[in-house]
Structure formats: C-alpha cells, structure tokens
Amino acid sequence: MSVKKETVSTDRAPAAIGPYAQAVKAGGMLFASGQIALDPATQRVVEGGIEAQTERVLENLKALAEAAGATLGDAVKATVFLTDFNDFAAMNAVYARYFAGGTPPARTTVEVSRLPKDVRIEIDLVVSLRD
C-alpha cells in the first residue's frame, strides 16, 4: 500500500532550484524541503549576516506551513545546517523568536562545509497537519 502524496507550493517561498518540491504532504505530515535565504520575489540571496539569513529561511518555512494549512507552531522536527558553528548563538536567537510561546520542534543542528548558493544556513522542517 502506498502513501498518498501531495505537492505543496507557494509563491511566498522561493521556487525550487532543482528537481524537488517545495514541500510534500504525506501521512498527515508536511515535509518542507530545506530552505535557504532566497527572497521569493527575486530568487536572490538576501543581504546581511546570519540573522538576516535565518529570518528569511524561517519566513520561507512559515509560508510553506501556511500553504498547507498549518503554522510553525505545528512543527515537530527541524534540521539546521550551518556553514560556521560560530553562528549558532545568533541563529538560535532568531530561531527562538519564531518558536516562542509554544513547544518548539525537536531539532538537530550540524555544521557543513558548504550550502547551495554559498548561504550560511539551511533549515528543513517536518510539520504535523491539522485534521
């Protein structure tokens, strides 16, 4: 028996830059592809440091969650990829604002050697969908 899958997309998040979906609904969950700091209006990397990039990434993920009828508050798992772990505290401060007031998702944070378009951060997200 196969799981029913449905693509989720929105113009409030960057278009996919490869052969993947912005997000997929399956089994009552939303699986959002890793988002980088691309402005959806221009498809260009936002200017600024890790704070600006983290905010853009989380706004992109928020848009995908909302396109599926959910919120960031429904997120159950996040994976954060940083190119420099010295950015952790600044990233974490921005991240904390987006998940304040509720139960934050489980999270893994890892340092990687490089990310697409040489951004400093990428985050993917799993969100529980409301019935």
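Take 69-79, 51-61, 11-21 and order them by the average number of nearby Cβ atoms within 10 Å per residue, most first; the result is 51-61, 69-79, 11-21. In the chain, how does Rg compare with the Kirkwood Rh, expressed as the Rg/Rh ratio over alpha carbon atoms? Answer for the chain: 0.95. Using the Karplus relation 6.51 cos²θ - 1.76 cosθ + 1.60 with θ = phi - 60°, the per-residue 3J(HN,Hα) values for the range 15-26 come to 5, 4, 9, x, x, 8, 8, 4, 7, 9, 8, 7 Hz, with x marking Gly and Pro. When DSSP beta bridges are restricted to pairs lying wholly in the chain, around 80% turn out antiparallel.
Listed values for the range 97-105 are Karplus-derived 3J(HN,Hα) couplings in whole Hz (6.51 cos²θ - 1.76 cosθ + 1.60, θ = phi - 60°), namely 4, 6, 10, 6, x, x, 8, x, x, and x replaces Gly and Pro. The range 10-78 gives an Rg/Rh value of 0.96, both radii derived from C-alpha positions and Rh following Kirkwood.
Extension gain, GLU47 to ASN92, is 14.3 nm, computed as 0.36 nm per intervening residue step minus the present C-alpha separation. Averaging the sequence gap over all C-alpha pairs within less than 8 Å and six or more residues apart, then dividing by the number of residues, gives the range 5-128 a relative contact order of 32 percent.
No value in this document is a laboratory result; all are computed from the given coordinates. The structure presented is a predicted model; accordingly, all values stated were derived computationally and were not measured. Neighbour counts are summed over all protein chains in view; Cβ atoms, including those assigned to glycine, are modelled from backbone coordinates with ideal geometry.
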